[in-house]
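Notes for the one structure printed next.
Every number here is computed from the coordinates shown, using simple stated rules; none is lab data. These figures come from a predicted structure and were not determined experimentally. Heads up, the Cβs are rebuilt from the backbone with ideal geometry, glycines too, and the neighbour counts pull from every protein chain shown.
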């Protein structure tokens, strides 16, 4: 497989950078760079942008200056890696607000004709959670992740969208080390 253009979207809202989500992103990035993939990195917690409040603003408002580079990075990439913790069964509000601002109609879809402008890109969602991942998937139907897959990324034409659900993150160090190794393998493969 030829080298890929990958944008890593770090969606943990804590800007300190010491969360497990950050370690997962570093493991992926280090291995992807070593394998020859091109990378760009978006740390949502460090960006300054307002939340959208009206349909009109989403449809015809200007992208905030602090998100224009992120928008360009999404358009540049042919693979998106989105990493976030599960909060209240879904993605954190800051990450949702980021997608609302960045994936405006001029980026996600063209007017009412709906050609999906991000077609040809793939994505992987990496979601950390306190509960066992199997429980989240089967009991809750992974609804928070499904919404991002279908109603946000899929709507824009991104596919395939794969997921890595990482449960019980407060578990053993060995459990975390296995996931860091898996992320490195995914980074090398550009998946």
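Some points to look at:
- Computing Rg and the Kirkwood Rh from the Cα coordinates of the range 8-123 gives a ratio, Rg/Rh, of 0.97.
- With all pairs of different C-alpha atoms in the average, the Kirkwood value for the hydrodynamic radius of the range 36-191 is 16.7 Å.
- Rounded tilt (10° steps) of 20-34 against the dominant C-alpha axis of the chain: 90
- Long-range tail of P(r) for the range 9-77 (Cα pairs > 18 Å, %): 52
- Ranked by how many other Cβ atoms sit within 10 Å of their own Cβ, fewest first, the residues 63, 119, 173, 106 fall in the order 173, 119, 106, 63.
- Antiparallel bridges, percent of DSSP beta bridges restricted to the chain (to nearest 5): 10
- Model label points for residue 35 and residue 59, set 7 angstrom from Cα along the Cα-to-Cβ axis, are 4.2 nm apart.
- Compared with the dominant Cα axis of the chain, that is its longest principal axis, helix 93-102 is turned about 40°.
- For the chain, the longest principal axis of the alpha carbon atoms and the long axis of helix 173-189 meet at an angle near 50°.
- Here the residues 87, 76, ranked from fewest to most Cβ neighbours within 10 Å of their Cβ, fall in the order 76, 87.
- Relative to the compact-globule estimate of 2.2 N^0.38 Å, the Cα radius of gyration of the range 114-190 comes out at 1.25.
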